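The values are calculated or read from the model by the stated rules, or taken from the named source; none is laboratory data. Bear in mind that the values here come from a model prediction, so they are computed numbers and not experimental data. Every residue, glycine among them, receives a Cβ derived from its backbone with ideal geometry; neighbour counts consider all protein chains shown. Surface areas here come from the heavy atoms of the whole protein model, side chains and all, with no ligands, DNA or RNA. Shrake-Rupley method; radii C 1.70, N 1.55, O 1.52, S 1.80 Å.
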Amino acid sequence: MRIAISILIIVSLSLFSNKAMAQRNDKPFTQLDYDYGKPFHFGFSLGFNFMDFTIKNNGKPQEIGLGDTTALWADASGMVPGFNVNIITDYRLNEYFSVRCLPGLSFGQRDLKYYEPSGKLLTTMNLESSFIEVPILIKYKAKRSGDIRPYLIAGINPRFDVAAYKKLNNKEGIYVRLNSSDVYYEFGAGLDFYLTYFKFSIEMKYSAGISNVLSPDLVEGGESYVKALDKIQSQLFVIAFHFE
């Protein structure tokens, strides 16, 4: 996920490079109503997400069966692409700023892997999430150059995970449950393309949860996997395609 954040920062700087934008000054302007017309605009968004965890292990010895104890540690790896769909409501404050609300759904999965200190893999838990989300973002748009306009976004996103209610299952090796609700802070960058009949945007966004989403719920035979952790925080990297 650190690589994804680095890429996002690099792209953000590139989008606002004066040298890159100077090459577009001869292009005509279309869809001027987005900048100077009605204050409200609507649309929809489709995208892909990559969900991840930030995990804090406590290093305390845990019983792993037959009286043996060891200090388990967990990690999230092998991110699986998920899917996002959102409805867009955009309110233009002025030429450069707007407020955006994008209620929608996001689906994804994270693989939580437990290891012994020697590096031996003990088990992998596939934790699925189905979020109801309501991002509220401030969008800053750079000066328009032709029919392309770069922008930055930042804000908060309350998410509710309806998949968090799935029962713990020791037969399937699922010993950890996530809390259902959290608030995320988000920031990102994108490009608006003003086409003849609509505006198309490509956007990259990083989203990180504020709270500890590790549930204290235990299942018989899997207590050690929960007790080995102090905290789990959720994070996502999203690539979205907006149509307005």
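Annotations
- Criterion: hydrophobic (A, V, I, L, M, F, W, C), open to solvent by 50 Å² or more (accessible area, probe 1.4 Å) and either at pLDDT 75 or above or under 22 Å from Glu128 (Cβ atoms) (or both) - qualifying residue of Phe16, Phe29, Phe40, Phe53: Phe40
- The range 163-180, subset farther than 19 Å from Asp230 by Cβ and of a type in the set (S, T, N, Q), residue surrounded by the most Cβ atoms within 10 Å (Cβ to Cβ): Ser180
- In this entry, Ser234 is excluded by the filter for residues that are open to solvent by less than 20 Å² (accessible area, probe 1.4 Å), closer than 30 Å to Gln31 by Cβ, polar (S, T, N, Q) and in contact with a Phe, Trp or Tyr (Cβ under 9 Å, 6 or more places away or on another chain).
- In the range 32-48, the residues that are in a strand (DSSP E or B) and out of contact with any Lys or Arg (no Cβ under 9 Å at 6 or more places or on another chain): Phe42, Phe44, Ser45, Leu46, Phe48
- Among the residues making up the range 104-118, those that are of a type outside the set (D, E, K, R) and either open to solvent by less than 50 Å² (accessible area, probe 1.4 Å) or without any contact (Cβ under 8 Å) to a residue 12 or more places away in the chain (or both) are Gly104, Ser106, Gly108, Gln109, Leu112, Tyr114, Tyr115, Ser118.
- Applying a threshold of 8 Å to beta carbon distances and a minimum spacing of six or more residues, or different chains, the list of pairs starting in the range 176-195 at a residue that is under 30 Å from Lys113 (Cβ atoms) and in contact (Cβ under 8 Å) with a residue 60 or more places away in the chain and ending at one that is in a strand (DSSP E or B) and acidic (Asp, Glu) reads Gly188/Glu203.
- Any hit, the range 70-82, residues being farther than 20 Å from Leu152 by Cα, in a strand (DSSP E or B), free of Cβ contacts under 8 Å to residues at least 24 places away in the same chain and open to solvent by less than 60 Å² (accessible area, probe 1.4 Å): no
- Scanning the range 199-224 for residues that are modelled with pLDDT of 90 or more and in contact with a Phe, Trp or Tyr (Cβ under 9 Å, 6 or more places away or on another chain) yields a total of 13.
- Filter result (outside any strand (DSSP E or B) and open to solvent by 60 Å² or more (accessible area, probe 1.4 Å)) within the range 119-139: Lys120
- For Tyr184, the requirement of being within 24 Å of Ala74 (Cβ to Cβ), in contact with a Lys or Arg (Cβ under 7 Å, 6 or more places away or on another chain) and open to solvent by less than 30 Å² (accessible area, probe 1.4 Å) is met.
- Subset tally (residues that are assigned to a strand (DSSP E or B) and more than 22 Å from the chain's Cα centre (by Cα)) for the range 140-149: 3
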